[in-house]
Amino acid sequence: MVNAFSDQVLQAAQALVRGELIGLPTETVYGLAADALNPSAVNAIFETKGRPPNHPLIVHLADAAMVPVFASEVPAFAQGLMAACWPGPLTLIVKRNAGVADAAAGGHATIALRCPSHPMAQAVLRAALSQGVQGVAAPSANVFGSVSPTTAAHVRESFPKLLVLDGGACDVGIESTIVDCSRDVPVLLRPGMLSVSQLSAASGESVLSAFETSSIQTTAAPGTLASHYAPRARVRLMTIEQMRAHLRDAKLPLATWTRTSLLSVEQAALPEDVKHFTMPSDAAQCAHDLFAQLRSMDALGVHEIWIETPPDGEAWAGVRDRLQRAAA
Ligand code: TXA
Ligand code: MG
């Protein structure tokens, strides 16, 4: 087993060294990975994914010691975030060294850096580093605008010819939390499973949210487009009461995903072409299941997917964000 693991890791690292793309498991979602300092390899990511080249990529590092290769400035609050949350599901935006990783940064003056904790990602990053690959650019391994992959099978569905490492189902299940550390204060750009309280404690500053602070102008980038992470079927978010009320006039078939048992209690009364699934009541479990669930509901070929609005509270911020985008 250990040998099979290391053979695969070595093969993947060598592909990166040759400037090829691989499907890389991380604890958040699978990435479509290439050498961040090889412009033609990075261009192949944009082409394969169908992503506009000015939408910057995240560069994955074996550890924080690699940060100075890419970053020109790392404020104390960013160092606090790295010390507390790396390796893990946190991406930091920092000022970029001039001329380094231009293609991966999409021409922006800043760069997104992350050190993933998934053991296979760690092993690949270290093996590639030992052969001169200092950072690995990787967007989520899905076609631009669709749902991110959380299993190797999801990646193969989108990119059948790609070399994909199978690291199992991703623990976290939604993309990393992104904090902009290129300003005077840390600003949350994309919520994930790390809460604002955790981030504020780790950084020693109160982390602002780009969602709640209208005075902050953020870079228009893919994860911040209103409509993103969307399945083919139309996604509608509603309360359980709204769902019950709308069900009478619904255009079937549709799939529903709710936390409470309200709908399932009535399941016997549901029309046959309404498929119901139960949403985990725990935020972390819900995030873990979210994208696979959206994919499997989509695979039913339904017209619409109705989802119960997740609860308020910071534990659910990442899930709320992805569902709002899927429904936009
Ligand atoms: O969990 C994750 O972050 C996954 C895994 C593979 O690491 N990656 C991922 O990458 O979600 P992607 O490309 O799907 O999303 C990267 C996000 C973009 O939405 C973009 O907004 C932001 O990172 N980003 C990257 N560079 C940036 C920059 N210089 N300034 C602002 N935002 C940036
Ligand atoms: Mg993505």
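The values are calculated or read from the model by the stated rules, or taken from the named source; none is laboratory data. Please read all numbers here as calculations on a predicted model, not as lab measurements. Because the Cβ atoms are built from the backbone with ideal geometry, glycine has one as well, and the counts that use them run over all protein chains shown. Ligands, DNA and RNA are stripped out before the accessible areas are found, and what is left, the full protein with its side chains, is counted by its heavy atoms. Shrake-Rupley method; radii C 1.70, N 1.55, O 1.52, S 1.80 Å.
Structural remarks
- Around the amide H of ARG259, modelled in the peptide plane, lie the amide H atoms of MET279, GLU308, all under 5 Å away and 5 or more residues distant in sequence or on another chain.
- Karplus (6.51, -1.76, 1.60) ³J(HN,Hα), θ = phi - 60°, over the stretch 305-310, in Hz, Gly and Pro reported as x: 10, 9, 10, 5, 4, x
- Under Karplus coefficients 6.51, -1.76 and 1.60, residue-wise ³J(HN,Hα) of the stretch 34-46 in Hz, glycine/proline x: 7, 4, 5, 9, 10, x, 6, 5, 5, 4, 5, 4, 4
- Principal axis extents of the C-alpha atoms in the chain (largest first, rounded to whole Å): 62, 45, 35.
- Helix axis angle, 283-299 relative to the chain longest principal axis, alpha carbon, degrees: 70
- Summarising the label geometry, the points placed 7 Å from Cα in the beta-carbon direction at THR260 and ALA84 lie 3.5 nm from one another.
- Accessible-area composition of the stretch 1-91, carbon plus sulfur, in percent [1.4 Å probe]: 57
- The chain - mean residue ellipticity at 222 nm from DSSP helices (-39,500 (n - 2.57) per run, n ≥ 4, rounded to 500): -9500 deg cm²/dmol
- Which of SER195, LEU237, PRO139, positive extreme of dipole for the chain (C-beta unit charges): PRO139
- Axis angle, to the nearest 10 degrees, between helix 76-85 and the longest C-alpha principal axis of the chain: 60 degrees.
- Taking each residue as 0.36 nm, the span from ALA201 to PHE5 lengthens on full extension beyond its C-alpha to C-alpha distance by 66.9 nm.
- Between the beta carbons of ALA44 and ALA269, assuming R0 = 45 Å, the FRET efficiency works out to 0.30 to the nearest 0.05.
- Whole-angstrom gap from the stretch 250-285 to the stretch 119-157, using each part's C-alpha centre: 33
- The gain in end-to-end length when the SER130 to ALA64 segment is fully stretched comes to 22.2 nm, 0.36 nm per residue minus the alpha carbon separation.
- With protein chains left intact and a 1.4 Å probe, residues in the stretch 234-327 average 47 Å² of accessible area per residue.
- Extension reserve of the ALA76-ARG236 stretch, reckoned as 0.36 nm per residue once the Cα distance is removed: 53.4 nm
- Phi to ³J(HN,Hα) by Karplus 6.51 cos²θ - 1.76 cosθ + 1.60 over the stretch 133-147, Hz, x for Gly, Pro: 8, 8, x, 10, 7, 7, x, 4, 8, 10, 5, 3, x, 9, 6
- Share, in percent, of DSSP beta bridges within the chain that are antiparallel, nearest 5: 40
- On the stretch 234-327, 50 percent of the accessible area sits on carbon and sulfur atoms, based on a 1.4 Å probe.
- Structure remark: mean-square fluctuation, Gaussian network model of the chain, C-alpha springs under 10 Å; the largest value among HIS246, HIS55, HIS154 belongs to HIS246.
- The stretch 1-94 shape via C-alpha gyration tensor axes, a/c threshold 1.5: oblate
- Close amide-amide hydrogen proximity is noted between VAL164 and GLY23, each under 5 Å apart and 5 or more residues distant or on a separate chain (H modeled in the peptide plane; Pro and chain starts excluded).
- The amide H of SER72, built 1.01 Å from its N in the peptide plane, has LYS95, ARG96, ASN97 as neighbours under 5 Å, considering only residues 5 or more places off or on other chains.
- Taking GLY145, GLY313, GLY192 as the candidate residues, the one with maximal mean-square fluctuation in a Gaussian network model of the chain, Cα springs under 10 Å, is GLY313.
- Magnitude of the charge dipole, the stretch 2-209, Cβ model with Lys/Arg +1 and Asp/Glu -1, debye to 20: 220
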